[in-house]
Amino acid sequence: MESIIEIEQQEIVEIERMMREYGDTLLRMCIIYLKDRALAEDAVQETFIKVYQKYYTFNQISEEKTWIMRIAINVCKNYMRTSWFKRVKTGLDLETISKERIDQNFIERERQKQILSEIAELERKYKEVILLYYYQEMSTKEIASILHIKEGTVRVRLQRPRQKLSVQLEEGEKL
């Protein structure tokens, strides 16, 4: 029989693994969600504190990534509900979000910034599904599970911003 100390050490090792595996992904999602890097870093830290506190409740029914993403989204929503967040205008640091590559040219970087900027301005319900689908590469079924909505609703919430973004991006290309 394992001692309590051994169990806690195993949990700490698991949390450290999750931080390495999901930390950057969560940070990018939270930056886009909250439009502020420092606030996003706090949200990621709070997410992993909650993961540690609730690790024993993880029932393995959903995937680990899905479970952690749900916690992060809830943390971001809680931040957005605060009176401080509502009073302070946050700014999106697009340079930290876009993945820079040496061979990536200036035009492509500007296009990515424009896309991220447009996503950041979407209504929350649309922003959530776009971030989870395109940036976290989750299926519509997984997204439905995370957001507690029907899979058809996820598809509709993906379709509407795609239409809006395509029109706005086409207009931007004409400039």
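The values are calculated or read from the model by the stated rules, or taken from the named source; none is laboratory data. Given the structure is predicted, the values throughout are model-derived calculations rather than measurements. Positions of Cβ are generated from backbone atoms using ideal geometry, with glycine treated the same way; all protein chains shown enter the neighbour counts. Accessible surface is based on the protein model in full, side chains and every heavy atom, while ligands, DNA and RNA are left aside. Shrake-Rupley method; radii C 1.70, N 1.55, O 1.52, S 1.80 Å.
Some notes on this structure:
- Candidates ARG70, ARG20, ARG28, filtered to the one that is open to solvent by 70 Å² or more (accessible area, probe 1.4 Å) and either closer than 15 Å to ARG124 by Cβ or part of a helix (DSSP H, G or I) (or both): ARG20
- Residue in the range 95-104 that is modelled with pLDDT under 85 and crowded, with 20+ Cβ neighbours inside 10 Å present: yes
- Given (1) at pLDDT below 85; (2) hydroxyl-bearing (Ser, Thr, Tyr); (3) under 18 Å from ARG28 (Cα atoms); (4) open to solvent by less than 80 Å² (accessible area, probe 1.4 Å), number of the condition TYR134 does not satisfy: (4)
- Scan of the range 1-17 for residues that are assigned to a helix (DSSP H, G or I) and not β-branched (Val, Ile, Thr), ordered by number: GLU6, GLU8, GLN9, GLN10, GLU11, GLU14, GLU16, ARG17
- Some residue of the range 42-57 being assigned to a loop (DSSP other than H, G, I, E, B), surrounded by 13 or more Cβ atoms within 10 Å (Cβ to Cβ) and modelled with pLDDT under 85: no
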